[in-house]
Every structure is written in structure tokens, then in C-alpha cells.
Amino acid sequence: MKKTKSLWYLIPISIITTMMVIHLTSIQIFNSQPFIPKSEIFPIVIPTYQEHFHLNIQFLESFVKNVDDFSNILILFIVSNRNEVKSLLKLIYTNPVLIEAFQIHEGGLYIESLFDVISKVDGIDLRNEPLIFNDIHIQEDNLLELVQKYKYQSIKKLYGIRYLDTIIPHYQYALMADSEFKCIKPNTLFHNTVQDYFYNSKIKLFYQDFRHGQMNLIKQLVQEIMDFIHVNVHVLPSDTTYMLQDQSWFVQRDIYHGFWNYLEGINQTSILRRIYDNPGNALFGDLAYRYYIYTNDFPGKDRYEFVDVIQQFKTQKGVSPAAYNLILKDQLKNGKYGAFEEISWFPKSLTSHLVDFLNTNKIAFFRNEGNEECFLYKLSKSVETMRYQACSDAYFPISDGYCKALEETELQAERDSLADLHQEEKRLQTAL
């Protein structure tokens, strides 16, 4: 096999632990699944930084424990600087579970600093060649301050996916993930999740048109993204069409290349410069990719289906008009999240309908920002495909014993929700 040149700050596949020495070797391809081309492994790109390294270790431990085809997965962490490379590497080296797992891991584990990734992708040497934007010298230690948090994360994600071509140029699909990403129950990632997502006749991307208290915020965010991809917002179903109603942040390589080339061609400038010049502070690169798919034509576009998540739920068997109204009212009460963006806020009286929806659509990723980990834990038992925590401060797996102590609180939440549902049913009957 042809050798690839590795630098000191990369962690290739084999780690020799006798004297804690990194064994630099080529990327080796191994797949046990017959339907996966032998030249392909599945990459996951995770932007991170020092304060999230403990979450990255939890992610790796959860994959070692629960993902049967872990050896087929290439993991790329994008950190902020080379000092963070060393820090994360040290945490991995001192974790016996991970050391043992990576001795036989074939996919590849890489930790790269953002400036090195940008240099490789854009063909420049940021460490030796000054980069000047509007008379400001762009440096490793000032980029975050210049572009702010969300745009900085987007730079890591967008460049991280593009950087994969320098590591494994024949991959077909990849995943953008956050630091909180974890696998909560045993499965085979490619067979159970990637195949469910991409190998159906239609690839569903869920959106919602916001018509509640956060409408102005969503409108601003959508406008920023549409300006970034240089498309008039009026081509969307509405100016609050928000495509963050599922957490499946997959990308398809050929489409992503088209997305990247399209962005570079708008003003004949780099993606870094385009993000830097974007006037807003809430640009999300992963969302921009979805809006690009919606607003552009390319071979294979017909495989993607954009689904109004609220309307699909409304037509689901057994969902009454009162139940539908309750979801909309619950959003008004809880504020910033869409009905399916943050399912822990979902009205507890409608849990059975939620389970049906998640199972029907084979939803694998969930988000918990509402401290409702026991609700989600129980939900994951009823939804076979619900395997990955995409974003959360809660620690999974939660145990039955842990949740037993919170049972009365959850029962009261369900009673309150049932009372709200009955009140809405009476209101609708009175209106007839």
C-alpha cells in the first residue's frame, strides 16, 4: 500500500503504547461489511477545543463500547491550535480503554489544528505567509475573536469536511458532529444508521416554518445563511423556513464538492474570506449546506426530499387537531426550539405519537438541551433507531435506577400536559 506522509501532530491508525510513542503509518482501509467499497471508510469530523476535551473522550469511549464497526470509522478532531493537539493527545494516551481500542483500530484518528487544515485546503502556508483581511493580520490566536463563536465553529466544520480529501479521497459520505456527540446503545454505524439515511429511495431533510415568539430571530438567521450562499430568501417556502428539525448532519461528498466550489465561485474568494466578510454572527455552515441543496439543481438532487415536519406530524395517524395545536402552543411556551429540533420539550401527553414519528422516519440522532435526559432515555428504548446523542449537556447512558428517583416529576409533567390537551380539545369543541 502506498505510504502517506504524516506529520507529528497527526495520530494515524496504529498507536504503540509500550513507551507511549506514536507509530506513524499509512492509512489502512479495512471493512467487514460487504456492501461498503474496500476503498471507503466512514469519516466523522468534530470541531472542538480545550474545554470540551472531556466530552471528546466520552465520545470515543462510547464508540469503542457500542459501535460494532468502529474499526471502519475515521475520526477527525479539528482543534484551535497545536497546543490543543498535544493536550487532547495526552488525554487519549492516558486512557487505557482507548489505547487498547486503537491498537486494532484501522479507520484512523486524526487531531489537526485549524490553521494547518486551512493551509492544506487553501494551498497556503498560514504559519509563514501573512494573511491580511481589511488591514488585519489573521492569526491563529485572533481568528476566534474576529469572527465570533458560531462562525469559528463553521470554519472548523466546513474546512474539516474539505480536508478529508487529503486523508481519504474516496469516501462517499461523512458526518459533521459536535463535541457532545455520543453513541448510547449498541449498533453498527454504517449498516444501521448511514444505510438507513442514504440508501432509502428518498433522503429526508426536515424543516419548519416558524410562527411563534422566536420568529424574528429565525428570520434573521435564515437571511444570514441565504446571503452567505447568495440566494434570495424568497425561493424558500417562507422567510422563516428553518432546516434544523433533525440532527442528522450527514454530507454527501460529490454534493459537498459542488457546494464548496459554488461558494468559492461567488466572489472568486476563499471560504475563510467569505465567512470573515459575512456581517452576521450566527452563520452555521452545516445549515448552509442544506439550504444549498434546497436552492440548487445538480445530479442526484431528486433523491432529497424536504419535509415540513409539523405538517407531516399533523397528518400522522391518530394525531388530533388538539394535539397539533398543543405542539404549537408548547413552542410558544418553550421559546427557541422547533418541535422536533429539541424533542425533550415535546408535550409529554403526545409521547406515543412522537415515538411513532421517530420510528417511521428512522430518526437516529437526538438533542437534549432541556435537562430531560430520563425522558429521552425512556424514549430511546421505544425507538429502535434512536442511537446517537447529537448535542446535550446530559451524560448518557442514564440508568433505570437514576431515572426511578425522577419518576414522580415526570409523571406530573405528563399529567400537566394531558390537562393542557384536554383543555385544547374542549376549546375546539366549543368553537364548533
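How long is the gain from residue 191 to residue 165 if the chain were fully straight, where each residue apart is worth 0.36 nm and the alpha carbon distance is subtracted?
Details: separation 26, 0.36 × 26 = 9.36 nm, distance 2.30 nm.
Result for the pair: 7.1 nm of gain on full extension.
For the listed residue pairs 120/149; 301/378; 329/404; 317/381, the alpha carbons are over 31 angstrom apart in 301/378. Placing a pseudo-label 7 Å from each Cα along the Cα-to-Cβ vector at residue 329 and residue 231 gives an inter-label distance of 3.6 nm.
Per residue, the accessible area of the range 48-204 comes to 40 Å², computed with a 1.4 Å probe over protein heavy atoms only. Largest first and in whole Å, the equivalent-ellipsoid semi-axes of the range 114-172 read 23, 15, 7, each the square root of five times a Cα gyration tensor eigenvalue.
Residues whose amide H comes within less than 5 Å of that of residue 203, counting only those at least five positions distant or on another chain, are 304, 305 (H built at 1.01 Å from N in the peptide plane). Only Cα sites of the range 162-228 enter the Debye sum here, all with the same form factor; the resulting log10 I(q)/I(0) across q = 0.22 1/Å is -1.09, listed in q order.
At q = 0.11, 0.15, 0.20, 0.21 Å⁻¹ the log10 of I(q)/I(0) for the range 63-138 amounts to -0.41, -0.65, -0.92, -0.97, computed by Debye summation with a single uniform scatterer per C-alpha, solvent ignored.
Starting from 0.36 nm per residue, how many nanometres of slack lie between residue 298 and residue 103 once their C-alpha separation is accounted for?
Numbers: separation 195, 0.36 × 195 = 70.20 nm, distance 4.17 nm.
Length gained, residue 298 through residue 103: 66.0 nm.
Given the options 174, 186, 159, identify the residue whose Cα lies farthest towards the positive end of the charge dipole of the range 132-194 (+1 on Cβ of Lys, Arg; -1 on Cβ of Asp, Glu). The residue sitting most towards the positive pole is 186.
Multiplying the residue separation of residue 430 and residue 87 by 0.36 nm and removing their Cα-Cα distance gives an extension gain of 117.1 nm. Under 5 Å between amide hydrogens, built in the peptide plane, is the criterion, and for residue 245 it picks out 206 among residues at least 5 positions away or on other chains. With Rh defined as the Kirkwood radius, the inverse of the mean 1/r over Cα pairs, the Rg/Rh of the range 93-233 is 1.01.
Kirkwood Rh and Cα-based Rg: tell me the resulting Rg over Rh for the range 222-367, rounded to two decimals. Mind showing how you got there, number by number?
Values: Rg = 17.3 Å, Rh = 17.1 Å.
Here Rg/Rh amounts to 1.01.
Think of the range 256-387 as having a plus end and a minus end, set by charges on the Cβ of Lys, Arg, Asp and Glu; of 380, 256, 366, 380 sits farthest toward the positive end of this dipole. For a Förster distance of 45 Å, can you work out the FRET efficiency between the beta-carbons of residue 320 and residue 281, rounded to the nearest 0.05? It comes out at approximately 0.65.
The values are calculated or read from the model by the stated rules, or taken from the named source; none is laboratory data. Every value quoted in this text rests on a predicted model; they were computed, and no experiment measured them. A quick note on method: Cβ atoms are made from the backbone with ideal geometry, for glycine too, and the neighbour counts reach across all protein chains shown. For the accessible areas, the whole protein counts, side chains as well, though only heavy atoms, and no ligand, DNA or RNA atoms are used. Shrake-Rupley method; radii C 1.70, N 1.55, O 1.52, S 1.80 Å.
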